[in-house]
Structure formats: C-alpha cells, structure tokens
Amino acid sequence: MRVVCIGGSLRPQSNTLEYLKRCAGVLEQEGVETEVISLRGKEIQPCRGCYECVETARCAIQDDDFAGILDKMRAADGIVLGSPVYMSSVVPPMMALLSRATFVAHWNGKFLAGKVGGPITVARRAGHNLAFSQLLLWFFINGITVPGSTYWTVGMAGTGGARDALEDQEGMGHVENFARNLADVLRKIRA
Ligand SMILES: Cc1cc2nc3c(=O)[nH]c(=O)nc-3n(C[C@H](O)[C@H](O)[C@H](O)COP(=O)(O)O)c2cc1C
C-alpha cells in the first residue's frame with residue numbers, strides 16, 4: 001500500500017510540509033509506504049479549459065510537471081493533500097493540479113475512484129473551513145473515501161519553517177489520528 005502526500009506550499013520552509021511529513025511518518029509506522037511531494041519548484045499550469053482531454057484522455061499541456069505527479073497519484077492507493085490557506089482558499093498551484101487531475105482521470109475510467117485520502121489545511125488564523133471544504137469536494141467528486149480524525153485536520157501555523165507547525169501539538173495530534181484511520185481504512189479496503 002502506498003500513499004502520496006502532496007504539499008501545495010511554494011515556500012522554502014513550509015509548515016504544510018511539516019504536517020504532511022508527520023502524516024507520512026505515522027503511515028510508515030502503520031506499514032504504509034509513503035512519498036511526500038512538494039509543489040515547490042514544480043510548474044503546474046492552470047487548466048485551459050480546452051476539453052482536449054475528453055477526446056485524447058490526456059492533458060493538452062505537456063510542457064510542465066503535471067503528468068509526473070498525476071502518474072504518482074494514479075499509482076497510489078491513497079492521496080493526502082496539504083494546502084496553505086491563502087485568502088481563505090486553497091493555493092492556486094494545488095487547485096491547478098486538482099482541476100487537471102480530475103478531468104484527465106474522469107476521461108480515463110475515473111482512475112482516482114476507490115482510493116483513500118484526505119485534506120490538511122494550514123493557516124495562520126482564519127479561512128480553514130472554506131479551504132478544507134474545497135479539498136473535501138475534490139475527494140468527493142473523484143470517488144475517494146475520506147477517513148475522519150478527532151477534529152478537522154487543520155494546522156495553525158503562520159511564520160516560515162517547521163517551528164510553528166511543530167509547536168502546534170493539538171493540530172499534529174489530529175493529523176496523526178487521521179493517518180492511523182487512513183491506514184486502517186486502507187487495510188480494510190485492500191484486504
Ligand atoms: C498571500 C497570502 C494569503 C494568506 N491568506 C491567509 C488567510 O486567508 N488566512 C490565514 O489564516 N492565513 C493566511 N496566510 C498565511 C498562511 O496561511 C500561513 O503562513 C501558512 O503557514 C502558510 O503555509 P506554508 O508555511 O506551508 O507555506 C496567507 C499568506 C499569504 C502569503
């Protein structure tokens with residue numbers, strides 16, 4: 001069983017990545033292989049709405065890093081998405097990835113369906129509910145099962161670097177519980 005954890009922050013020292021690394025660490029303890037992927041340094045162009053994928057089952061944009069990440073999402077049993085909250089929303093590179101992934105998967109036998117996953121959002125103060133909901137809507141439209149936790153998997157962290165995230169013991173705890181539930185659901189689904 002393999003889970004990819006994708007982080008949408010473009011910052012060199014990302015709090016979001018720290019929550020994802022903690023999630024991946026617990027999954028590994030539970031016997032699940034993981035890969036943490038950062039969108040930092042990667043180019044993900046926005047969907048152009050050309051609908052070429054309907055005809056060709058592939059994205060018309062081939063000169064960026066989208067296809068490689070989508071291959072990893074396709075091969076994985078689980079997908080965890082981590083996004084910083086900007087203006088109460090998921091960050092643009094993450095939404096670009098998710099829009100394109102959904103359309104290509106849809107016209108390829110809906111290959112994301114049946115996987116397990118969930119969202120993590122990270123904000124300094126406000127906007128979690130909307131961003132978290134945006135990610136939940138993505139999991140739902142793709143037929144991906146989302147296990148719960150002991151609270152919403154939201155991190156309270158603002159300044160750059162790991163320090164904020166690591167000090168958020170409550171948030172990290174809910175991420176750990178989510179990861180354990182994710183591993184449990186994966187084992188049951190794949191048994
Ligand atoms: C352009 C911009 C918009 C932001 N909007 C919000 C916001 O709406 N609510 C909030 O609480 N924090 C907001 N923040 C703060 C980030 O969510 C916070 O710094 C978070 O830790 C970033 O995640 P990262 O460390 O993984 O990059 C914003 C930051 C930037 C740069």
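A short reminder: the numbers here are calculations on the coordinates, not readings from a lab. What you see is a predicted model, and the numbers here were worked out from it, not measured in a lab. No Cβ is skipped: glycine too gets one built from the backbone with ideal geometry, and neighbour counts run over all protein chains shown.
For the pair residue 113 and residue 56, what calculated FRET efficiency results from E = 1/(1 + (r/R0)^6), where r is the Cβ-Cβ distance and R0 = 25 Å, to the nearest 0.05? Walk me through the numbers on the way to the answer.
Values: r = 20 Å, r/R0 = 0.82.
Computed FRET efficiency for residue 56 and residue 113: 0.75.
Run down the lysines and flag those whose C-alpha is under 27 Å from the C-alpha of residue 21, throwing out any fewer than 8 positions away in its chain.
42, 72, 115, 188
Any idea how far apart residue 156 and residue 136 come out in nm if each label point goes 7 Å out from Cα toward Cβ?
2.0 nm
Can you show me the helix-derived [θ] at 222 nm for the chain, built from DSSP H runs with n ≥ 4 at -39,500 (n - 2.57) apiece and divided by the number of residues, rounded to the nearest 500. Mind dumping the intermediate values first?
On the way: 7 runs with 87 residues, N = 191.
Per the formula, -14500 deg cm²/dmol.
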